[in-house]
Amino acid sequence: MTCCSSNSSLSDFNTLPRCPNRVGSITVILGPMFSGKTTELLRLHDRQIIAKRTCVLVKYAGDTRYDADLVATHSKMTGQGRTVKAHRLSEVQSQIFNDEVQVVSIDEGQFFEDLAETCEELAQRGKVVCVAALNGTFERKPFPQISLLLPYANEIKQVTAVCVECGSQANFSFRSTLDKKVEVIGGSDTYTALCRECYVQKSEEKDAEEQMKTGCDKNENDITGIFLAKKEQRSDGSVSPPRKKIGLSKSMALEATART
């Protein structure tokens, strides 16, 4: 297995199986958001088309940011040739395992739950496979399928972005929103590429913001809850039901609680 830096040359899939029984290969392009992963994938894919090889591009169906049907970069460059889309690779099994297909290029590989097993099977059947994927989640945790795929790879290429905060080399994807779901597809409105130092700093700021928001929400709910649970003693000795919350603001709740 060969691991390349962004300045190293890839094999560009130049070695293709010469007979049906010969095994293929797996190349993985890894990096953060905005590092040119898809651009590199399409460059290699287009070379194969120029070389008259039968190629298939696989698009993750959940990614409709720039084009609903084609693999597209952030700069709206789209892939040439045949493209299929799916949420699982098993959905396009007949297309990618077709005997005539020589090259399979997969974008957003981290989202396919059957990625590693399928890529290895494709390579064992003599096909050349290239996968572009994120190097980690927005919390810098591994994607399970990428971790499983790497031991099968003939070649791994690490690409980097530019830190939007300080301009240095960026290796990490930072999510600006408070959404905790792993799969949140977005562009520059949701993600930025950061270096290690800026990632740590922005994460601390984000955590502080989240804690402050959570604390304010909790305090407001507690105050409102106390007010709503307050029961009034009637002159006949009975207890009135809790008051209903109708457009009750935090300040109104505080004032009403003080009066009672």
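A search for C-beta distances below 8 Å between a residue of the stretch 147-164 that is of a type in the set (S, T, N, Q) and any residue that is modelled with pLDDT under 95 and assigned to a strand (DSSP E or B), counting only pairs 6+ apart in sequence or on different chains, returns 154/2; 158/3; 158/4. Can residue 41 be described as closer than 25 Å to residue 193 by Cβ, at pLDDT below 95 and in contact with a Cys (Cβ under 8 Å, 6 or more places away or on another chain)? Considered against the rule, which asks whether it is closer than 25 Å to residue 193 by Cβ, at pLDDT below 95 and in contact with a Cys (Cβ under 8 Å, 6 or more places away or on another chain), residue 41 comes out as no.
Looking across the stretch 111-124, the residues that are closer than 20 Å to residue 25 by Cβ and free of Cβ contacts under 8 Å to residues at least 40 places away in the same chain come down to 114, 115, 116, 117, 118, 121.
In the set 34, 143, 112, 97, only one residue is aromatic (Phe, Trp, Tyr) and modelled with pLDDT under 95; that residue is 34. Please find, within the stretch 178-198, the residue that is surrounded by the most Cβ atoms within 10 Å (Cβ to Cβ) out of those that are modelled with pLDDT of 70 or more and part of a loop (DSSP other than H, G, I, E, B). The qualifying residue surrounded by the most Cβ atoms within 10 Å (Cβ to Cβ) is 195.
When residues in the stretch 28-65 are screened for being within 19 Å of residue 112 (Cα to Cα) and hydroxyl-bearing (Ser, Thr, Tyr), 3 of them pass.
Of the residues making up the stretch 29-56, those that are crowded, with 19+ Cβ neighbours inside 10 Å, in contact with a strand residue (DSSP E or B) (Cβ under 6 Å, 6 or more places away or on another chain) and closer than 21 Å to residue 95 by Cβ are 38, 41, 44, 45, 48, 55, 56.
Out of the stretch 20-65, which residues are basic (Lys, Arg) and either assigned to a loop (DSSP other than H, G, I, E, B) or not assigned by TED's automatic domain parsing to the domain that holds residue 150 (or both)?
Taking the stretch 20-65 first, the residues basic (Lys, Arg) are 22, 37, 43, 47, 52-53, 59, 65.
Within the stretch 20-65, 22, 52, 53, 65 meet the criteria.
As for the stretch 94-107, it holds at least one residue that is in contact (Cβ under 8 Å) with a residue 60 or more places away in the chain, polar (S, T, N, Q) and in the same structural domain as residue 27 (by TED's automatic domain parsing).
Listed here are the residues, each with its yes/no results for (1) more than 24 Å from residue 81 (Cα to Cα); (2) assigned to a loop (DSSP other than H, G, I, E, B).
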position	(1), (2)
101	no, yes
122	no, no
139	yes, yes
146	yes, no
151	yes, no
166	yes, yes
173	yes, no
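The values are calculated or read from the model by the stated rules, or taken from the named source; none is laboratory data. Note that this is a predicted model, so its numbers are computed, not measured. Cβ coordinates were reconstructed from backbone atoms using ideal geometry, including for glycine residues, and neighbour counts include every protein chain displayed.
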